[in-house]
């Protein structure tokens, strides 16, 4: 594939994402996305007061929230008391605050849509970073790297998430950049400058979302340990990265300790106290675990609104078939005769190890969270989307003959793009617009 063809296809995929994400941002009624009112109120607090909010008792009203969710947040809904995300790191909200200031005199809907479009823009950068990571991981095949981008760009739930007011897209951006920088460090070696850049992106991830601490820290640490050194000692590089990351994240942690107490610098204890009454997992039996797994699967591909808008069972059956083929392909790729060993050298395998570590960290964090709170939401896996999409594309590549790949890759991308439109106009809007 020539660079010109690659650039055209890259532009088509990113342009397609902008089209469908903008449609989702503009057409889905406001606040009909998980936690969106709380995220919006965080941005408004910064815009109006010029200060970070503090999570307090009363910022979670379960009865009000359930009533609003059941009514699909009708126009004029008072969401001012829904503020339970106020303990989150501030970077995403600081970036969107100028949009809130600029739209202060606009209608509530127009302001939220403007904030959503800000998230769409962040999602565009996240997808660009994902493609850099995919090109680094799948250096031998630009077409398969483009397939990874298309898979990430057009998973309907992923589009819906990136088109809502949430810090998930910015988290994906930093973790995808970390994966790409890690792959570059494996290939070209570490020096002080590269170590500092790794620390910088890690610190930005830590300032974006608490879950980024789980994925970003181990990913950067593993990259620093595995990468060869170009100059200096490895311990020096690790120290430089750690100092830069902590220099960014530590002021926010200190502020948390002053606000919530030295035993609760992240506000997690306060959060547990505030959201008292949120559904707990308890001790699920085999049947309940199976239902949780089914919900996780559906909500990865598309279970919209506040998990209350589903697609047709036939759509999920088709997506289950596609997922099964991806799983089969990954299994064959990992097999002793598969592409991991047949086509990849030691450098590429270390890159895949980095990607696998990111997926493992995010999966473990999702399981750990669900051991307490009943939240089997597929979007919790999206921070690892750069690695997930790369592995999915490699699995499909393993099943498809080289001559057939361009046509099948194109069909998959166009099919998922079409599914985004079907999901919006056939399932989401008829349910939410009343």
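Quick notes on this structure:
- Of the residues making up the stretch 184-211, those that are closer than 17 Å to residue 93 by Cβ, in contact (Cβ under 8 Å) with a residue 60 or more places away in the chain and part of a helix (DSSP H, G or I) are 204, 206, 210, 211.
- Screening the stretch 96-143 for residues that are within 30 Å of residue 405 (Cβ to Cβ) and outside any helix (DSSP H, G or I) and picking the one that is modelled with the highest pLDDT gives 138.
- The helices (runs of 4 or more DSSP H) found wholly in the stretch 1-95 and carrying at least 2 residues that are touching a residue at least 60 places away in the same chain (Cβ under 8 Å) and out of contact with any helix residue (DSSP H, G or I) (no Cβ under 7 Å at 6 or more places or on another chain) occupy 36-49, 62-70.
- Yes/no for residue 298 being within 24 Å of the chain's Cα centre (by Cα), free of Cβ contacts under 8 Å to residues at least 12 places away in the same chain and either loosely packed, with under 15 Cβ neighbours inside 10 Å or part of a helix (DSSP H, G or I) (or both): no
- If the condition is being under 26 Å from the mean Cα position of the chain (by Cα) and either modelled with pLDDT under 90 or outside any loop (DSSP other than H, G, I, E, B) (or both), then the stretch 256-275 contributes 256, 268, 269, 270, 271, 272, 274, 275.
- Residue check: residue 77 meets all listed conditions (1) over 19 Å from residue 164 (Cα atoms); (2) surrounded by 14 or more Cβ atoms within 10 Å (Cβ to Cβ); (3) modelled with pLDDT under 95 but one, namely (1).
- Candidates 371, 358, 429, filtered to the one that is modelled with pLDDT of 95 or more and more than 30 Å from residue 75 (Cα to Cα): 358
The values are calculated or read from the model by the stated rules, or taken from the named source; none is laboratory data. This is a predicted model, so every value here is computed, not measured. A quick note on method: Cβ atoms are made from the backbone with ideal geometry, for glycine too, and the neighbour counts reach across all protein chains shown.
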